[in-house]
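This report refers to the structure that appears directly beneath it.
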Amino acid sequence: MSKVYLALQDNDDSRYIVEAIVDDNPTATVINQPAMIRIENDGQLVVRRASVEEKIGRDWDMQELHLSLITLGGNVDEDEDQLSLNWNT
Amino acid sequence: MPVVAITPDYKFEAKDRFENFHGNQIVYVGWDHHLMFCAAFAYPLPPTTTFADLRDKVMPEGFAVHPEYSKINWETATWLLDNEPFKPQLDKSLEEQGIGHKSLLRFQTPELKGYKNAGV
Amino acid sequence: MVAKKLNLKEKYRALTRDLDWDYDYADRKKAFPYEEFEGIKITDWSKWEDPFRLTMDSYWKYQAEKEKKLYAIFDAFSQNNGHLNVTDARYVNAIKLFLTGVSPLEYQAFQGYAHVGRQFGGAGARVACQMQSIDELRHVQTQIHAMSHYNKFFDGFQDWTHMHDRVWYLSVPKSFFDDARSAGPFEFLVAISFSFEYVLTNLLFVPFMSGAAHNGDMATCTFGFSAQSDEARHMTLGLEIIKFLLEQHEDNVPIVQKWIDKWFWRGTRLLALVGMMMDYMLPNKVMSWKEAWEVYFEDAGGALFKDLARYGIRMPKFVETTAKEKEHISHQAWWIFYTHGHAAGFHTWIPSAEEMDWLSEKYPDTFDKYYRPRWELAKEMEDRGERFYTNGLPQLCTTCQIPMGFTEMDNPTQISYRSSDFEGEKYHFCSDGCKHIFDEEPEKYVQSWLPVHQIYQGNCGGADVETVLREYYKMNLGEDNMDFKGSPDEKRWNEWKGKGVA
């Protein structure tokens with residue numbers, strides 16, 4: 001299975017986003033690199049608004065992800081509740 | 001394959017045609033397996049330049065700094081002209097022996113293996 | 001009663017598709033004159049999907065927030081004399097190359113997207129291109145601002161737009177974008193949005209910017225990542241464009257494949273410069289070029305092309321060559337610049353003993369065998385007081401315009417020579433990839449403005465190299481060029497750091 005991934009700037013918001021991603025995607029791997037955090041998973045990865053709000057302790061708009069996002073790989077599907085990445089193979 | 005273009009007659013003169021070099025032609029010269037020189041040199045020369053002048057006057061400017069350059073035996077060195085085996089005639093001009101505009105000359109000195117025998 | 005809030009999909013539809021109109025008295029073909037000549041068939045523009053569903057109002061909101069964060073860091077960087085915190089003044093030379101070589105491409109991208117954004121019949125595509133165009137303008141502006149701080153303290157930053165248009169090695173990135181922008185609008189998107197943004201820019205912005213952070217340069221790291229946050233959107237756009245074109249008509253498949261082949265190879269050649277920046281110009285290393293290529297092209301690109309296989313798209317032509325080139329390309333590129341250090345607008349140097357050991361470790365099959373000897377020769381000459389600057393101008397590749405210093409991958413001490421004849425003229429190439437691109441569109445590349453030939457044609461202000469550098473390139477000779485050792489940059493740095501002259 002191909003890996004999808006996203007990378008976030010290593011900042012305070014990302015800390016909570018990563019925690020939420022890890023909770024929602026138990027098989028995901030987190031890789032810390034200078035100033036950035038890369039999260040990858042086989043086939044699929046999902047970021048859920050509700051999970052991030054739970055961790056960050058405030059309302060969080062899905063599109064706020066763009067403020068910390070560095071890059072991603074995979075087909076994107078986004079609505080107001082979640083962003084998912086997947087490969088069809 | 002032609003360019004797919006919005007204009008039906010997409011056609012331009014070659015930017016590097018001979019006429020643009022004020023009487024000179026371009027000759028490239030490279031020494032195989034001697035990568036101290038990152039690439040072949042490009043020389044602008046009158047087509048009447050003799051091979052002797054190219055080899056003994058022009059080439060040393062760039063190549064002589066190589067520790068093996070003075071050891072080259074020009075009697076046994078081999079040449080390729082545009083990827084075909086070539087026997088240069090020292091007293092003949094470039095044009096007389098088929099060295100054309102933007103021709104590539106490469107020479108080989110198999111007994112010289114480059115700095116530290118590493119092809120450098 | 002409070003009006004119900006539109007959900008994301010409804011809002012996206014209202015603010016993109018609903019802004020479009022039908023043509024009842026004008027000829028639609030005349031309104032979009034560039035839409036058909038490339039042979040791409042679009043049957044239904046409404047199938048265009050933007051997965052991020054970003055609308056102009058949210059776009060301004062989030063971009064403004066990104067800018068505020070970014071400029072706060074620039075201020076802090078400058079107020080804190082951030083330039084003194086970089087690992088080593090050699091590092092700054094990577095930033096000089098970035099400003100002269102990459103930032104002008106952001107401006108070219110701005111112009112390119114503004115142009116094609118006008119040319120598509122579909123409103124979704126027009127809005128996406130408009131946003132990307134504004135993004136690219138933001139990138140060039142933030143890069144200028146970030147690097148203006150370095151301009152106060154280091155040489156080589158003063159005339160970057162002028163240099164971009166003229167300097168020999170900057171014709172490599174410039175001609176890359178000129179090629180894309182002079183193509184039709186669909187080729188431009190496949191070239192820049194897909195082949196460059198999706199497949200290759202991660203290699204420029206992710207490991208290199210992480211490397212900037214690792215070398216104490218928070219300003220560059222931050223503009224890089226801030227630009228890259230837009231890039232994530234651009235990449236997604238790139239992938240959607242490809243899927244859209246492939247789903248619209250089966251006749252599009254071979255055309256798109258041809259463009260992917262061309263632009264993948266053009267991109268790998270351009271990235272040779274990034275490879276040498278990562279392996280040779282960052283004093284603190286994050287990962288080698290080879291590792292970056294494996295993670296960001298072989299793994300990520302491999303997954304992508306597997307996904308696209310269902311449309312009949314295969315891996316780009318010559319991809320097997322790149323699997324070998326990753327072991328060689330950065331070393332060969334830095335050698336080109338080192339040996340032409342007198343003609344470069346930034347400083348070059350021999351890697352230190354520790355750096356060479358790192359390179360041996362990262363390139364166990366190639367560095368000691370092929371490249372360490374080059375540096376030992378250079379060191380021997382430097383120690384004799386005869387720092388090696390090559391005397392003469394190099395042969396250039398007609399397509400990528402890089403000096404022909406790349407080798408046969410199965411015979412790495414032999415330069416790779418390829419050539420074609422077209423209408424009585426000879427053309428030379430560094431690789432099968434560059435030759436193939438020429439052979440597909442020779443009428444385009446006979447126009448290549450090759451810096452070496454232009455100098456010999458007398459179009460660059462003088463006959464000797466020094467005049468060209470000084471008058472035509474506007475380099476400050478003795479300051480911008482030559483080895484880092486003995487440069488004014490090095491001298492100032494040692495004074496600031498309280499070090500004796502090395």
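One line per residue, one yes/no per condition, for (1) open to solvent by 70 Å² or more (accessible area, probe 1.4 Å); (2) within 7 Å of another protein chain (Cβ to nearest Cβ); (3) outside any loop (DSSP other than H, G, I, E, B):
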| site | (1), (2), (3) |
| --- | --- |
| B:LYS15 | yes, yes, no |
| B:TYR28 | no, yes, yes |
| B:HIS34 | no, no, no |
| B:TYR43 | no, no, yes |
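Taking first residues from region C:408-426 that are more than 9 Å from chain B (Cβ to nearest Cβ) and closer than 20 Å to B:ILE26 by Cβ and partners that are of a type outside the set (Gly, Ala, Ser) and assigned to a strand (DSSP E or B), the Cβ contacts under 8 Å between residues at least 6 apart in sequence or on separate chains come to C:SER416/C:THR407; C:SER416/C:GLU408; C:ARG418/C:HIS428; C:ARG418/C:PHE429; C:SER420/C:LYS426; C:SER420/C:TYR427; C:SER420/C:PHE429; C:ASP421/C:TYR427.
Rundown of residues vs (1) small (Gly, Ala, Ser); (2) modelled with pLDDT of 95 or more, yes/no style:
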site	(1), (2)
A:SER14	yes, yes
A:TRP60	no, yes
A:GLN63	no, no
A:HIS66	no, no
A:VAL76	no, no
A:TRP87	no, no
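In summary, C:TYR12 fulfils each of the numbered conditions (1) in a helix (DSSP H, G or I); (2) open to solvent by 20 Å² or more (accessible area, probe 1.4 Å); (3) hydroxyl-bearing (Ser, Thr, Tyr) with the single exception of condition (2). In region A:23-34, the condition of being modelled with pLDDT of 95 or more and open to solvent by less than 30 Å² (accessible area, probe 1.4 Å) is met by at least one residue. Once region B:86-109 is narrowed to residues that are in a loop (DSSP other than H, G, I, E, B), in contact (Cβ under 8 Å) with a residue 60 or more places away in the chain and more than 10 Å from chain C (Cβ to nearest Cβ), the residue that is surrounded by the fewest Cβ atoms within 10 Å (Cβ to Cβ) is B:THR109. All told, C:GLY461 falls short of being at positive phi and open to solvent by 60 Å² or more (accessible area, probe 1.4 Å). Take the conditions (1) buried (at least 24 other Cβ atoms within 10 Å of the Cβ); (2) under 28 Å from C:GLN130 (Cβ atoms); (3) among the aliphatic types (A, V, I, L, M); C:LEU246 misses just one of them, which is (1). Exactly one residue out of A:LEU72, A:LEU45 is at pLDDT 95 or above, out of contact with any Asp or Glu (no Cβ under 6 Å at 6 or more places or on another chain) and either crowded, with 22+ Cβ neighbours inside 10 Å or outside any helix (DSSP H, G or I) (or both), and it is A:LEU45. The set of residues in region A:76-89 being in contact with a helix residue (DSSP H, G or I) (Cβ under 7 Å, 6 or more places away or on another chain), more than 7 Å from chain C (Cβ to nearest Cβ) and open to solvent by less than 10 Å² (accessible area, probe 1.4 Å) consists of A:LEU83 alone. Report, by residue number, each residue of region C:352-391 that is open to solvent by less than 30 Å² (accessible area, probe 1.4 Å), more than 10 Å from chain B (Cβ to nearest Cβ) and in a helix (DSSP H, G or I). Scanning region C:352-391 gives C:GLU355, C:MET356, C:LEU359, C:SER360, C:PHE367. For region C:46-145, the helices (runs of 4 or more DSSP H) that sit wholly inside it and include 3 or more residues that are modelled with pLDDT of 95 or more are C:92-101, C:103-119.
Considering each residue of region B:62-76 in turn, none proves to be acidic (Asp, Glu) and closer than 25 Å to C:CYS397 by Cβ.
Being within 25 Å of C:TYR370 (Cβ to Cβ) and open to solvent by 20 Å² or more (accessible area, probe 1.4 Å) is a description that does not apply to B:THR48.
Among the residues of this structure, B:ASN83 counts as one that is closer than 30 Å to C:THR366 by Cα and open to solvent by 20 Å² or more (accessible area, probe 1.4 Å). If the condition is being closer than 18 Å to C:GLU136 by Cβ and either out of contact with any helix residue (DSSP H, G or I) (no Cβ under 8 Å at 6 or more places or on another chain) or of a type outside the set (D, E, K, R) (or both), then region C:152-177 contributes C:TRP160, C:THR161, C:HIS164, C:PRO173, C:PHE176, C:PHE177.
Only residues that are free of Cβ contacts under 8 Å to residues at least 60 places away in the same chain and either surrounded by 19 or more Cβ atoms within 10 Å (Cβ to Cβ) or closer than 17 Å to C:GLY267 by Cα (or both): list them for region C:300-313, please. Result: C:GLY302, C:ALA303, C:PHE305, C:ASP307.
Has region C:121-136 got any residue that is buried (at least 20 other Cβ atoms within 10 Å of the Cβ), closer than 29 Å to C:ASP44 by Cβ and in contact with a Ser or Thr (Cβ under 7 Å, 6 or more places away or on another chain)? Yes: one or more hits.
The values are calculated or read from the model by the stated rules, or taken from the named source; none is laboratory data. It should be emphasised that the depicted structure is a prediction, and the values quoted were computed from it without experimental measurement. We place every Cβ from the backbone using ideal geometry, glycine too, and count neighbours over all the protein chains shown. To get the accessible areas, we keep the full protein, side chains included, count just its heavy atoms, and leave off ligands, DNA and RNA. Shrake-Rupley method; radii C 1.70, N 1.55, O 1.52, S 1.80 Å.
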